[in-house]
Amino acid sequence: MSNEIMSELRKDYIYNLMIKGEREDGRKFDEYREITIDTNVIEKAEGSARVKLGDTHVVVGVKIQTGTPFPDTPDKGVIITNLELIPLASPVFESGPPREDAIELARVVDRGIRESESIDLSKLCITPGEKVWMVFIDVHVLDDGGNIMDAASLGAIAALMTAKLPAQKFGVGEDTPVPMRDVPVAVTAVEIGGAIMLDPSLDEQSISGTKLTVISNQDGGLSGMQKSGVSPLTTEQINYIVDISIEKAKELREKFLEI
Amino acid sequence: MVKPEKLIENGIRLDGRKPDEIRPIKIKVGVLNRADGSCYFEFGGNKVIAAVYGPREVHPRHQQKSTSAVVRYRYNMASFSVEERKRPGPDRRSIEVSKVSREALEPVIFQEYFPRSAIDIFVEVLQADAGTRTAGINAASIALADAGIPMKSLVSACAVGKVDDTLVLDLNKDEDNYGQADMPIAMTPDGKITLLQMDGHLTRDEFREGLEMAKKGCLEIAQLQRTALMEKYSSLMEGEVNE
């Protein structure tokens, strides 16, 4: 992905607003853009969700099939997360195999779901060593308005929470919901000139040197973190982002992801 | 491999270390002839080698930047570096590791000194034993200095994790496989964090404590990196080595 082109004037504008404690769309530094989540938008998928986070628009589809387990975990199901930055979503995305940005996004979304143990993988086992459920989480970014990470992560968990194991289709019993145990939520912050802002817009993301994504669970514990970008962060900044992210995740979870 | 019953016994880890102790480190500077800078780095069972080429022309040309150098980082694991043979070539993991490692080093490189040129960093993992990305960053940082690339400081990297509900510095393979959390960190000697990743389970307080622990580990490594570089170049200055 080549970088977004942005005029110096616009950069200065955002920077100057930041000094006054403001953002271009009038949000507070710790405020998210408007979020809408619709689930079950794709009937053919076992679970799905459409997330709009401000101008960012993603659709997540969960397909579930039976397959053979990995030899080192014969009694556990498999989760595979994929995300592509397709050229439909932005003038700077190009077709071709996923590049590092897309791979990083997919792997962080995957880590949030995997490391929080939000899916009980042992319950995805049908016959140990032979047959398990394979859960494919595919994130389709339709419009890049900044902060794809949080939109993708919200979409993935929302889609999983509505997904069913298609047992009837595969002749292994009755359909049941995907065994969920936790609801991890990713919160991304950017650093701009020393200030920390949550849920960066496209412009804010472009001028910021660094992003930090913090994934936290229902109990307020952390299950994943990823710093992305070339400028460093201080310990104080990191600790501040962790604290505020845990609070924000709680808020988002209560508002959008009630089971 | 089976999970050991206990990873820590009486405050001592399976390999005999205390919780806040790093594994033995061996550093050799300038081990490759063709590269502009290089470093061999052993970190416990990890054996990695880093080479730096550049500043040099950018190929393909469209990647070049008119106002600064481009930094490229390739992390690669040898197929024989792990228990089960790894399929050669980049996979999704190594692409991600390359990205975050490059971003860990970029802040210290004076890229604006070399417009329209490339600084290429290649890291080969010859043997992997948990913590290869941190070993790679430590090696690459020394190789950059060895190549004479102007830098603001060195970068040191170290992981902290949680096993048996205890925070431990620099996880070994068993602790990585069966532990509860893993958090690699890279930082400059003045405490700026340039790489931060985490997976597993940590509470807010454990995270804070872990971060401080990792910082101590990084400072220890920084000292060793510095010593290794000084050893090579102080002897050069005294004229003992004629190359």
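Just so you know, all these numbers are worked out from the coordinates, no wet-lab data involved. Since we're looking at a predicted model, the values are computed, not measured. Backbone-built Cβ (ideal geometry, glycine too); neighbour counts: all protein chains shown.
GluC sites (Glu not before Pro), restricted to the stretch B:33-133: which are DSSP loop and have at most 16 other Cβ atoms within 10 Å? Present the calculation step by step, with values, prior to reporting the outcome.
On the way: sites: B:GLU42, B:GLU57, B:GLU83, B:GLU84, B:GLU96, B:GLU103, B:GLU112, B:GLU124; in loops: B:GLU83, B:GLU84.
Of the GluC sites (Glu not before Pro), the ones in loops of the stretch B:33-133 whose Cβ has at most 16 other Cβ atoms within 10 Å are B:GLU83, B:GLU84.
How large is the charge dipole for the protein assembly as shown, taken about the Cα centre, if only the Cβ atoms of Lys, Arg (+1) and Asp, Glu (-1) carry charge, to the nearest 20 debye? Don't skip to the end; give the middle numbers.
Working: 61 positive and 80 negative charges, 195 e Å.
Dipole size: approximately 940 debye.
Please go through the residue pairs A:LYS123/B:LYS162; A:LYS211/B:LYS47; A:LYS28/A:LYS52; A:LYS123/A:LYS248; B:LYS86/B:LYS162; B:LYS6/B:LYS86 and name each one whose alpha carbons sit more than 23 Å apart in this structure. Each step should come with its number before you reach the end.
Values: A:LYS123/B:LYS162 26 Å; A:LYS211/B:LYS47 31 Å; A:LYS28/A:LYS52 19 Å; A:LYS123/A:LYS248 30 Å; B:LYS86/B:LYS162 27 Å; B:LYS6/B:LYS86 29 Å.
Beyond 23 Å: A:LYS123/B:LYS162; A:LYS211/B:LYS47; A:LYS123/A:LYS248; B:LYS86/B:LYS162; B:LYS6/B:LYS86.
What longest range of chain B stays clear of loop-exposed chymotrypsin sites (Phe, Trp or Tyr not before Pro) (DSSP non-H/G/I/E/B, at most 14 other C-beta within 10 angstrom)? Intermediate results must be reported in sequence, preceding the final value.
Details: sites that count: B:PHE80, B:PHE110.
With chymotrypsin sites (Phe, Trp or Tyr not before Pro) excluded where exposed in loops, chain B gives B:111-243 as its longest stretch.
Could you list the trypsin sites (Lys or Arg not before Pro) in the stretch B:68-131 that lie in coil according to DSSP, counting only those with at most 13 other Cβ atoms within 10 Å of their Cβ? Could the numbers behind the result be given before it?
Details: sites: B:ARG72, B:ARG74, B:ARG85, B:LYS86, B:ARG92, B:ARG93, B:LYS99, B:ARG102, B:ARG116; in loops: B:ARG85, B:LYS86, B:ARG116.
Of the trypsin sites (Lys or Arg not before Pro), the ones in loops of the stretch B:68-131 whose Cβ has at most 13 other Cβ atoms within 10 Å are B:ARG85.
Would you please state which residues of the stretch B:167-182 a label at B:LYS3 would reach in this model, taking the label point 7 Å out along Cα→Cβ and a backbone N cut-off of under 14 Å?
Once the point is set 7 Å along Cα→Cβ of B:LYS3, B:174-181 turn out to lie under 14 Å by backbone N, inside the stretch B:167-182.
From the phi of every residue in the stretch A:128-139, what ³J(HN,Hα) in whole Hz does the Karplus formula 6.51 cos²θ - 1.76 cosθ + 1.60 yield, where θ is phi - 60° and glycine or proline is x?
x, x, 10, 9, 9, 7, 10, 9, 9, 9, 10, 9
On a full-extension model of 0.36 nm per residue, what is the gain between A:LYS131 and A:GLU24, subtracting their alpha-carbon distance, rounded to one decimal in nm? Could the numbers behind the result be given before it?
Working: separation 107, 0.36 × 107 = 38.52 nm, distance 5.22 nm.
Contour length minus the Cα-Cα distance gives 33.3 nm.
Can you give me the long-range amide H partners of A:LYS131? Hydrogens built in the peptide plane at 1.01 Å from N, cutoff under 5 Å, separation of 5 or more residues or another chain.
A:ILE126
Which shape class applies to the stretch A:8-256: rounded if a/c is under 1.5, otherwise prolate when a/b exceeds b/c and oblate if not, where a ≥ b ≥ c are the square roots of the Cα gyration tensor eigenvalues?
Numbers: a/c = 2.17, a/b = 1.88, b/c = 1.16.
It is prolate, given that a/c is not under 1.5 and a/b is the larger ratio.
Cα axis of helix B:92-105 to longest principal axis of chain B: angle in degrees, 0 to 90, nearest 10?
70 degrees
Along the Cα-to-C-beta direction of B:GLU231, a point sits 7 Å from the Cα; which residues of the stretch B:28-53 have their amide N less than 13 Å from that point?
Within reach of a label on B:GLU231, which here means backbone N under 13 Å from a point 7 Å along Cα→Cβ, the stretch B:28-53 contributes B:28-31, B:40-42.
Among B:TYR113, B:ILE193, B:VAL48, flag the residue with its Cα farthest along the positive direction of the charge dipole of chain B, charges on Cβ as +1 for Lys/Arg and -1 for Asp/Glu.
Most positive-ward Cα: B:TYR113.
If each residue's Cβ is checked for other Cβ atoms within 10 Å, how do B:THR134, B:THR166 rank with the fewest at the top? Intermediate results must be reported in sequence, preceding the final value.
Values: B:THR134 30, B:THR166 15.
Lowest to highest Cβ neighbour count: B:THR166, B:THR134.
Out of residues 5 or more away from A:THR210 or on other chains, whose amide H comes under 5 Å of its own, with H placed 1.01 Å from N in the peptide plane?
A:GLU191, A:SER231
Kirkwood hydrodynamic radius (Cα pairs, Å) of chain B? Present the calculation step by step, with values, prior to reporting the outcome.
Numbers: mean 1/r = 0.0540 Å⁻¹.
About 18.5 Å for chain B.
Mind checking the stretch A:87-157 for GluC sites (Glu not before Pro) that DSSP puts in a loop (not H, G, I, E or B) and that have at most 10 other Cβ atoms within 10 Å? Working shown, then result.
On the way: sites: A:GLU94, A:GLU100, A:GLU104, A:GLU115, A:GLU117, A:GLU130; in loops: A:GLU94, A:GLU117, A:GLU130.
Hits after loop and neighbour filter: nothing returned.
Which whole-Hz ³J(HN,Hα) couplings does the stretch B:193-205 yield from phi under the Karplus relation 6.51 cos²θ - 1.76 cosθ + 1.60, θ = phi - 60°, glycine and proline marked x?
Calculated HN-Hα couplings, in order: 8, 10, 9, 8, 9, 7, 9, x, 10, 9, 7, 4, 5 Hz.
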